[in-house]
1. Read through the list (1) away from ligand 2 (no atom under 16 Å from the Cβ); (2) open to solvent by less than 50 Å² (accessible area, probe 1.4 Å), then give the number of the only condition that Glu224 fails.
2. When region 331-343 is examined, which residues are found to be open to solvent by 30 Å² or more (accessible area, probe 1.4 Å) and either more than 25 Å from the chain's Cα centre (by Cα) or within 18 Å of Ala292 (Cβ to Cβ) (or both)?
3. What pairs can you find where one residue is in region 60-84 and closer than 23 Å to Pro299 by Cβ, the other is among the aromatic types (Phe, Trp, Tyr), and their Cβ atoms are less than 6 Å apart, with a gap of 6+ or different chains?
4. Name the one entry in Glu217, Glu209 that is farther than 30 Å from Asp344 by Cβ, more than 14 Å from ligand 2 (Cβ to nearest atom), assigned to a helix (DSSP H, G or I) and open to solvent by 60 Å² or more (accessible area, probe 1.4 Å).
5. Just checking, does region 19-39 include any residue being at positive phi, out of contact with any Ser or Thr (no Cβ under 8 Å at 6 or more places or on another chain) and aliphatic (A, V, I, L, M)?
6. Report whether or not Gly145 is open to solvent by less than 50 Å² (accessible area, probe 1.4 Å) and either under 30 Å from Arg94 (Cβ atoms) or among the aliphatic types (A, V, I, L, M) (or both).
7. Which residue out of Ser313, Ser326, Ser284 is more than 16 Å from ligand 2 (Cβ to nearest atom) and open to solvent by 10 Å² or more (accessible area, probe 1.4 Å)?
Amino acid sequence: MNKQVKIAVLEGDGIGPEIMVEALRVLRAVGDMCLVDFECVPAPFGARAYFDHGKAFPEETKKICDQADAILKGPIGLSFEETKKIPVEEQPERGALLPLRKRYNTFANFRPVKLPAGLGAFSPLKKEVIANGIDIMMIRELVGGLYFGKKERTTNAEGLRSVTETLEYNEEQIKKIMHVAFEEAGRRKKILHNVHKANVLMSSVLWNEILEEVQKEYPDVTVEHILVDAAATALCIRPSQFDVMVMENMFGDILSDLGGGLLGSLGLMPSACIGDTISYYEPSHGSAPDIAGQNKANPYSMIGSVAMMLERSFGLKKESDRVWQSMTTVLSSGYTTVDLTAYDKTLKVVSTREFGDKVLEKLKN
Ligand code: IPM
Ligand code: MN
């Protein structure tokens, strides 16, 4: 009998449903190849879930996720105007996404910034900067820092509206993400860039202190320390110097979007959010409501999230590599969705569905 695996599928908002369909086709094809039954259980999540069920993260969805072996999640959110129709606490980021991260303590967020040599045409960077391609693994701490610290909005003594937002970490949280980062660096080029802001933030002072303690257990990994602002510049000027980077939550949010910029589109940014027992997988980008339902969106990040799930939740490394390889081959054959055509007018533009078809074709050959 085939191995049985249960996946909670949260298709989300905007372009979510259409890119999820392509990702699930790929998942099914992989299942057929490696004799695993991926039982996909859909569940409402995000803004649509709020309008249909009154909750952005309904109880029913929580139950489905609790019982799953992994969660596959599409992008969530609506346009600025539409979002205003939802009470602040139920807006999908605060009402669904952050609670999801908290519920499964998905502390380690892997965001690959990957552009194989030969696909440089997508990137806004000059050819000579990316001659050898880009292959960075950004590791973002995902359940601490400003995102989850105490927040307070008040009126101060002078009657001015004021706000306090706290960047909180304890040593255990830092130690945990450091181990993940050192392990990953150990599996790759053995260079770990530590992104911090210890010249200003006490949180970074503690972060670096813990790093140095953990570092002793990984003598074969070289650590390079870099301030977060300098890292932004260095990523643009010479991305090839980076392999694995580790950073706190907010720094990771910003630098990983910069990573998408280096590649030419956030549509090329899948991610893995690794938790204590259940992990979830999602594109790093938003729901692009402006092109939703038009069969234009790039499904790469959603299919890439499937690839990451195969490897990190199910140990299917070979199958995962095959999915990556299929997507790369489609792109290097000159096919792309419309988001990646800014710098190369010779590329052949295909729809979301056609991109999925081509990936499946490669996968099966
Ligand atoms: C991301 C997103 C989220 C974040 C938003 C939607 C809350 O930008 O996953 O990077 O800031 O973490
Ligand atoms: Mn982000």
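The values are calculated or read from the model by the stated rules, or taken from the named source; none is laboratory data. What you see is a predicted model; the values in this text were computed from it and never measured. Backbone-built Cβ (ideal geometry, glycine too); neighbour counts: all protein chains shown. In case anyone asks, the SASA skips ligands and DNA or RNA and just uses the protein heavy atoms, side chains included. Shrake-Rupley method; radii C 1.70, N 1.55, O 1.52, S 1.80 Å.
1. Only one criterion in (1) away from ligand 2 (no atom under 16 Å from the Cβ); (2) open to solvent by less than 50 Å² (accessible area, probe 1.4 Å) is unmet by Glu224, namely (2).
2. Residues of region 331-343 that are open to solvent by 30 Å² or more (accessible area, probe 1.4 Å), as a first pass: 332-333, 335, 338-339, 342-343.
Ser333, Val338, Asp339 - these are the residues of region 331-343 that are open to solvent by 30 Å² or more (accessible area, probe 1.4 Å) and either more than 25 Å from the chain's Cα centre (by Cα) or within 18 Å of Ala292 (Cβ to Cβ) (or both).
3. The qualifying pairs are Thr61/Phe45; Ile71/Tyr280; Leu72/Tyr281; Lys73/Tyr280.
4. Just one listed residue meets the conditions, Glu209.
5. Of the residues in region 19-39, the ones at positive phi are 35.
Within this subset, residues satisfying the condition of being out of contact with any Ser or Thr (no Cβ under 8 Å at 6 or more places or on another chain) are 35.
Still in the running and aliphatic (A, V, I, L, M): 35.
Yes, the conditions are met somewhere in region 19-39.
6. Numbers: open to solvent by less than 50 Å² (accessible area, probe 1.4 Å): yes; either under 30 Å from Arg94 (Cβ atoms) or among the aliphatic types (A, V, I, L, M) (or both): yes.
Yes: the conditions hold for Gly145.
7. Ser313
Here's the yes/no breakdown for (1) of a type in the set (D, E, K, R); (2) over 19 Å from Ala108 (Cα atoms):
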position: Ser203; (1), (2): no, no
position: Trp207; (1), (2): no, no
position: Pro219; (1), (2): no, yes
position: His225; (1), (2): no, yes
position: Thr233; (1), (2): no, yes
position: Arg238; (1), (2): yes, yes
position: Gln241; (1), (2): no, yes
position: Val246; (1), (2): no, no
